[in-house]
Amino acid sequence: MNNMMKGNLAVAHEAFDDGRELRARAGSKNARTVVSVRDLAMRYGKAEPVIEGVSLEVREGEVVSLVGPSGSGKSTILRAISGLHAPLSGNVELGIPATEMGFLFQDDALLPWRTARDNVALGLRLRGKAVGAAREEAADWMARLGLKGLELRYPRQLSGGQRKRVALAQVLALKPRLLLMDEPFASLDAIVRHRVTQDLLDWVEREGIAVLLVTHDLEEAQALSDVVNLLSRGPRARISHRYPVEIPRPRDLIGVRGHPTFAPLLQRIWKDLSIEVEEAAD
Amino acid sequence: MSALFDKTWARQAFALAVLLISWEVLGRAGLISPFYAPPPSAIALALYELFADGSIWQHLIATLSAALAGLAFGLLLGAVLGFGAAMVRPVADIIEPVMILLNAIPRVILAPLFIIWFGIGLGSKVAVSLVLVAVLIFFAVYSGIREVDARLVERVRTLGGGRMTLLREVYVPSVTAWILGNLKVAVGFAFTGAVVGEFVASSRGLGYLLSFAQSTYNAALTIALIVIIMGFVLILFGLAGRVERRLLHWRYA
């Protein structure tokens, strides 16, 4: 078993430069595990555990989402993986160095006293790049995300969508192989949200970045993911359902909704979620 | 004329002019006693005399030095103690109660004690000014650090930042912003401390002159001195505002 794993690991390594090939294997047993969460329980302070017995896996090049009722501890799982919050029990195993993990938050809090470019450059500098080189690279990333000309603006001079793109550039500049996203685009209006999400989707598919996404939006979850996990209501929430999404990539956020499996699966997830929420209301 | 009156400052200047002219007219008509409220012309004359013989300068310099020294040391001390208390729990256990007490009392009551300790010279005035400013800044920094935006801390941590990075990228800039936000209040406090210290016991300074004017029932000189102090505080307010805008350019950009 161990030997077989090692063999696969080497293959995955070779394939890493070619996103397409990697993407073709996404979710298959051949792809290497980027993060594996086993029997995780988490709590804040002395309160009852928010989640308990949560296990999940994200493989190289795979997009996995977490949906569920409010307060079911979706974000908590991301916090455990990122190391922001220590687990009560269970464990989180990373198949990649922690420095190759990026976290995109719900809000777009950037350092208000740093320009957009220096905000993007921050992570690069923390990885040992000289200020000049980090700034140059940051400017390149900003251009790639449609932020050319805004390099020297301060966060308060940017729109919500622009700030979100800066936050995205900040994370993507570190070339993460695992991206943790906590409702990253919830605060944006529909059109901006669609555009940023599509850009991100293209990027993730091209680069073969593994993603663990927390969202309230079931359609978004299905449109982006290879696997959708439904959490039961909290406290002591666990993963109650797991739905594979069989829609080929590359995907288009609008087009994907026309796929024959889209509506039936959405209805199924919606029904299961409604049951969870109704139980919570009792 | 009506266009001019659309401007707030024009209306304010007009109101001030009306007040001064009526004051002057009523005073000359004998309807207001010059003993209590000498007419603006008398105050202007007192102001002119203070500057004409140049005697005012040594007093101005004395008060300004005390206020600025108190401000500088108060900022420094308040920031260091606030930082220390926020970062090291046992330090907070000792300092916080003292600061709460100092914050609760009118701190100028310490002036007589400081005069006994440090004499009637500059030292005691700096001390009063310093204690007024330091307590203000302590709370700005102490509560500021504890309430630093947790999202920024998490952001920097997930980008790979450790303690030193957090200090440099999040805490120090936040604290600078809070200190500068309190700078104008601190300038006012610094002047209060210096003048009150001089008022209690001294041989020069605007507070000393005020005390002298009051003891001789010279209302014109008293008001003239109040005008001078207001003028200087306003100038320092303006400077503090400029410093704030320069250092916090990201907030005003």
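Any residue in segment A:131-141 that is more than 14 Å from every other protein chain (Cβ to nearest Cβ), touching a helix residue (DSSP H, G or I) at 6+ places or on another chain (Cβ under 7 Å) and open to solvent by 60 Å² or more (accessible area, probe 1.4 Å)?
yes
Would you pick out the residues in segment A:58-91 that are surrounded by 16 or more Cβ atoms within 10 Å (Cβ to Cβ) and assigned to a strand (DSSP E or B)?
Answer for segment A:58-91, where residues must be surrounded by 16 or more Cβ atoms within 10 Å (Cβ to Cβ) and assigned to a strand (DSSP E or B): A:V58, A:R59, A:V63, A:V64, A:S65, A:L66, A:V67, A:G90.
Is it true that A:E219 is open to solvent by 10 Å² or more (accessible area, probe 1.4 Å), touching a helix residue (DSSP H, G or I) at 6+ places or on another chain (Cβ under 7 Å), within 23 Å of A:R32 (Cα to Cα) and modelled with pLDDT of 90 or more? I'd like the intermediate steps shown before the answer.
Working: open to solvent by 10 Å² or more (accessible area, probe 1.4 Å): yes; touching a helix residue (DSSP H, G or I) at 6+ places or on another chain (Cβ under 7 Å): yes; within 23 Å of A:R32 (Cα to Cα): no; modelled with pLDDT of 90 or more: yes.
Criteria not met by A:E219.
Within segment B:106-126, restricting attention to residues that are open to solvent by 50 Å² or more (accessible area, probe 1.4 Å) and not in a helix (DSSP H, G or I), which residue is modelled with the lowest pLDDT?
Among them, the one singled out is B:I120.
Give the number of residues within segment A:92-101 that are more than 9 Å from every other protein chain (Cβ to nearest Cβ) and open to solvent by 20 Å² or more (accessible area, probe 1.4 Å).
Our first condition is that a residue be more than 9 Å from every other protein chain (Cβ to nearest Cβ); within segment A:92-101, this holds for A:92-97, A:100.
Those still in the list that are open to solvent by 20 Å² or more (accessible area, probe 1.4 Å) too: A:92-95, A:97, A:100.
Residues that pass the stated criteria total 6.
Would you be able to say whether some residue in segment B:171-189 is within 17 Å of B:I61 (Cα to Cα) and polar (S, T, N, Q)? Lay out the reasoning, then the answer.
Step one: list which residues in segment B:171-189 are within 17 Å of B:I61 (Cα to Cα), which gives B:187-188.
Next cut, polar (S, T, N, Q) only: none.
No.
Please tell me if A:K148 is surrounded by fewer than 16 Cβ atoms within 10 Å (Cβ to Cβ), assigned to a loop (DSSP other than H, G, I, E, B) and more than 23 Å from the chain's Cα centre (by Cα).
Values: surrounded by fewer than 16 Cβ atoms within 10 Å (Cβ to Cβ): yes; assigned to a loop (DSSP other than H, G, I, E, B): yes; more than 23 Å from the chain's Cα centre (by Cα): yes.
Here the answer is yes, as A:K148 does meet what is asked.
Out of everything in segment A:151-167 that is open to solvent by less than 20 Å² (accessible area, probe 1.4 Å) and either within 13 Å of another protein chain (Cβ to nearest Cβ) or among the charged types (D, E, K, R) (or both), what residue ends up being nearest to A:V92 (Cα to Cα)? So that I can check it myself, show each step before the final result.
Narrowing segment A:151-167 to residues open to solvent by less than 20 Å² (accessible area, probe 1.4 Å): A:155, A:158, A:161, A:164, A:166-167.
Within this subset, residues satisfying the condition of being either within 13 Å of another protein chain (Cβ to nearest Cβ) or among the charged types (D, E, K, R) (or both) are A:155, A:158, A:164, A:166-167.
Numbers: A:P155: 34, A:L158: 36, A:K164: 28, A:V166: 29, A:A167: 25 Å.
The qualifying residue nearest to A:V92 (Cα to Cα) is A:A167.
Out of segment A:173-199, which residues are within 14 Å of chain B (Cβ to nearest Cβ) and touching a Phe, Trp or Tyr at 6+ places or on another chain (Cβ under 6 Å)?
Matches in segment A:173-199: A:A173, A:L180, A:D182.
Select, from B:G207, B:G181, B:G161, the only residue that is open to solvent by less than 30 Å² (accessible area, probe 1.4 Å) and in contact (Cβ under 8 Å) with a residue 24 or more places away in the chain.
B:G207
Keeping to segment A:175-187, report how many residues are open to solvent by less than 20 Å² (accessible area, probe 1.4 Å) and assigned to a loop (DSSP other than H, G, I, E, B).
3
Would it be correct to say that A:Q170 is modelled with pLDDT of 90 or more, surrounded by fewer than 15 Cβ atoms within 10 Å (Cβ to Cβ) and within 13 Å of another protein chain (Cβ to nearest Cβ)? If you could, list the steps in order and put the result at the bottom.
Details: modelled with pLDDT of 90 or more: yes; surrounded by fewer than 15 Cβ atoms within 10 Å (Cβ to Cβ): no; within 13 Å of another protein chain (Cβ to nearest Cβ): yes.
Answer is no for this residue.
Of the residues A:S240, A:S225, which single one is more than 19 Å from the chain's Cα centre (by Cα) and open to solvent by less than 70 Å² (accessible area, probe 1.4 Å)? Please lay out each step first, then the result.
Details: A:S225 fails: more than 19 Å from the chain's Cα centre (by Cα).
Checking each option against the conditions leaves just A:S240.
Hey, can you tell me all the residues within segment B:156-180 that are at the interface with chain A (Cβ under 7 Å from one of its Cβ atoms) and closer than 14 Å to B:R251 by Cβ?
Correct list: B:P173 only.
Is one or more of the residues making up segment A:120-129 buried (at least 17 other Cβ atoms within 10 Å of the Cβ) and part of a strand (DSSP E or B)?
No - not one qualifying residue is present in segment A:120-129.
Going through A:L172, A:L150, A:L180 one at a time, which residue ends up being under 30 Å from A:E57 (Cβ atoms) and touching a helix residue (DSSP H, G or I) at 6+ places or on another chain (Cβ under 6 Å)? Before the answer, list the steps.
Working: A:L172 fails: touching a helix residue (DSSP H, G or I) at 6+ places or on another chain (Cβ under 6 Å); A:L150 fails: under 30 Å from A:E57 (Cβ atoms).
The unique qualifying residue is A:L180.
Is one or more of the residues making up segment A:201-216 at pLDDT 90 or above, of a type in the set (K, R), open to solvent by 70 Å² or more (accessible area, probe 1.4 Å) and part of a helix (DSSP H, G or I)?
Yes: segment A:201-216 contains one or more residues that are at pLDDT 90 or above, of a type in the set (K, R), open to solvent by 70 Å² or more (accessible area, probe 1.4 Å) and part of a helix (DSSP H, G or I).
Take the residues in segment A:102-119 that are at the interface with another protein chain (Cβ under 10 Å from one of its Cβ atoms) and of a type in the set (A, V, I, L, M, F, W, C); name whichever of them is farthest from A:V204 (Cα to Cα).
A:W113
Just to be sure I understand, how many residues within segment A:96-117 are among the aliphatic types (A, V, I, L, M) and either assigned to a helix (DSSP H, G or I) or more than 21 Å from A:F185 (Cβ to Cβ) (or both)?
3
Condition test on B:F191, is it within 23 Å of B:V135 (Cβ to Cβ) and away from chain A (no Cβ under 14 Å)? Lay out the reasoning, then the answer.
Numbers: within 23 Å of B:V135 (Cβ to Cβ): yes; away from chain A (no Cβ under 14 Å): yes.
It is true that B:F191 is within 23 Å of B:V135 (Cβ to Cβ) and away from chain A (no Cβ under 14 Å).
Quick check on segment B:135-155. Is at least one of its residues open to solvent by 50 Å² or more (accessible area, probe 1.4 Å), part of a helix (DSSP H, G or I) and closer than 30 Å to A:G128 by Cβ?
yes
Between a first residue in segment B:110-123 that is of a type in the set (V, I, T) and a second residue that is part of a helix (DSSP H, G or I), which pairs have beta carbons less than 8 Å apart while being 6 or more apart in sequence or on different chains?
Listed by first residue and then by second, the contacts come to B:I115/B:S124; B:I115/B:G197; B:I115/B:V200.
Return the residues of segment B:33-82 that are part of a loop (DSSP other than H, G, I, E, B) and either at pLDDT 90 or above or among the aliphatic types (A, V, I, L, M) (or both); say none if nothing qualifies.
At the first step, the residues of segment B:33-82 found to be part of a loop (DSSP other than H, G, I, E, B) are B:33-39, B:53-55.
The answer is B:A37, B:P38, B:P39.
The values are calculated or read from the model by the stated rules, or taken from the named source; none is laboratory data. Remember, predicted model here, so these are calculated numbers, not experimental data. Here the Cβ is made from the backbone with ideal geometry for all residues, glycine too, and neighbour counts use every protein chain on show. Calculation scope for accessible area: heavy atoms of the full protein, side chains included, ligands and nucleic acids excluded. Shrake-Rupley method; radii C 1.70, N 1.55, O 1.52, S 1.80 Å.
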